[in-house]
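To start, the structure itself, in structure tokens.
The values are calculated or read from the model by the stated rules, or taken from the named source; none is laboratory data. Owing to the predicted nature of the structure, the values given are computational and were not obtained by experimental measurement. No Cβ is skipped: glycine too gets one built from the backbone with ideal geometry, and neighbour counts run over all protein chains shown. When the accessible area is computed, the model is the full protein with side chains, heavy atoms only, and any ligands, DNA or RNA have been set aside. Shrake-Rupley method; radii C 1.70, N 1.55, O 1.52, S 1.80 Å.
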Amino acid sequence: MSDIVPIKLVCLDLAGTTVGDIAMVERAFAEAIATQGIVPGTGAYARAMVHVHRSRGCPTIDVFRGIFPGNEAQAQAANLTFERSYEGTLERAGLTAVPAVMEVLDKLRGNGIKLALITGFSRVTLSRVLSMLDWDDKIDLAISPEDAGGRGRPWPDMVLHAVLRTGVADVRHVAVIGDSENDMLCGTRAGASIVAGLLTGVHSRERLLKGGATHLLDSIADFPSLVLSDDLGTTQIASSAR
């Protein structure tokens, strides 16, 4: 870590970063959209799914508000279907942590770093995910948009909420990792010193850089070495983004 701003808090994205359920999330979105009359094979469906992909990392309700602008009832209905579909898939298929993520969490906590999971899922869905993961001894906080006043990514609120909850004195002591442009925007707007983009997730290198990624990683396994490095400018495991 930097000798000026040692990292004291890490905010980690959930879906696609610490748990490998990108396809499950996409299917739940597709099913929710279909219940509102937007079915596969139509131009409307294709446009909706492009919006879903572009909006990954944002609160799920905000994604549906973008698909059904001006129709809050339809957005809420679709979001409820999404939650039921996703949780049903969890019941059937379970949830798998990304390879090496347990070692990553243990190494960061072993170095005295606070850990917060941040997500676009509702508190209800997040609670269901946490009950399946059983990570109570691995993380300090798990934050949904509702916990931070309702504004999720790309706003900085969830990261700043984690800063307040953990008592970190300076936002420069924060590192953020995620796989979407909106994760990067959130970390950048919050003032985090490290905003690491994972190249194994939903968005491309270009999208991550556009969101403000300070580093690009090929694997979450590389993240502790970045956070704990004495020289972020020359660390070998991160692709410099600036």
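Here are the numbers:
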quantity: Filter result for PRO6 (open to solvent by 70 Å² or more (accessible area, probe 1.4 Å) and assigned to a loop (DSSP other than H, G, I, E, B)); calculated: no
quantity: Any hit, the range 192-202, residues being crowded, with 22+ Cβ neighbours inside 10 Å and in contact with a Cys (Cβ under 8 Å, 6 or more places away or on another chain); calculated: yes
quantity: Of all residues in the range 174-191 being aliphatic (A, V, I, L, M), within 12 Å of the chain's Cα centre (by Cα) and open to solvent by less than 10 Å² (accessible area, probe 1.4 Å), the one that is nearest to HIS51 (Cα to Cα); calculated: MET184
quantity: Of all residues making up the range 140-149, the number that are in contact with a Ser or Thr (Cβ under 8 Å, 6 or more places away or on another chain) and in a helix (DSSP H, G or I); calculated: 2
quantity: The range 75-86 residues that are without any contact (Cβ under 8 Å) to a residue 40 or more places away in the chain, paired with ones that are surrounded by 21 or more Cβ atoms within 10 Å (Cβ to Cβ) and part of a helix (DSSP H, G or I) (beta carbon under 7 Å, 6 or more apart); calculated: ALA75/ILE61; ALA75/PHE64
quantity: Options ARG56, ARG47: the member that is of a type in the set (Lys, Arg) and surrounded by fewer than 20 Cβ atoms within 10 Å (Cβ to Cβ); calculated: ARG47
quantity: Pairs with Cβ under 8 Å, 6+ apart, first in the range 128-140 and over 14 Å from LEU12 (Cα atoms) and open to solvent by 60 Å² or more (accessible area, probe 1.4 Å), second among the charged types (D, E, K, R) and outside any loop (DSSP other than H, G, I, E, B); calculated: ARG128/GLU87
quantity: Residue pairs meeting the criteria (Cβ under 8 Å; at least 6 apart or on separate chains; first under 17 Å from LEU199 (Cβ atoms) and open to solvent by 40 Å² or more (accessible area, probe 1.4 Å), in the range 221-233; second of a type outside the set (A, V, I, L, M) and at pLDDT 95 or above); calculated: ALA221/GLU103
quantity: Some residue of the range 150-173 being in contact (Cβ under 8 Å) with a residue 40 or more places away in the chain, among the acidic types (Asp, Glu), outside any helix (DSSP H, G or I) and open to solvent by less than 10 Å² (accessible area, probe 1.4 Å); calculated: no
quantity: Count - residues of the range 61-104 that are more than 23 Å from LEU117 (Cβ to Cβ), open to solvent by less than 60 Å² (accessible area, probe 1.4 Å) and assigned to a helix (DSSP H, G or I); calculated: 7
quantity: LEU209 vs. criteria open to solvent by less than 60 Å² (accessible area, probe 1.4 Å), assigned by the TED database to the domain that holds LEU108 and not β-branched (Val, Ile, Thr); calculated: no
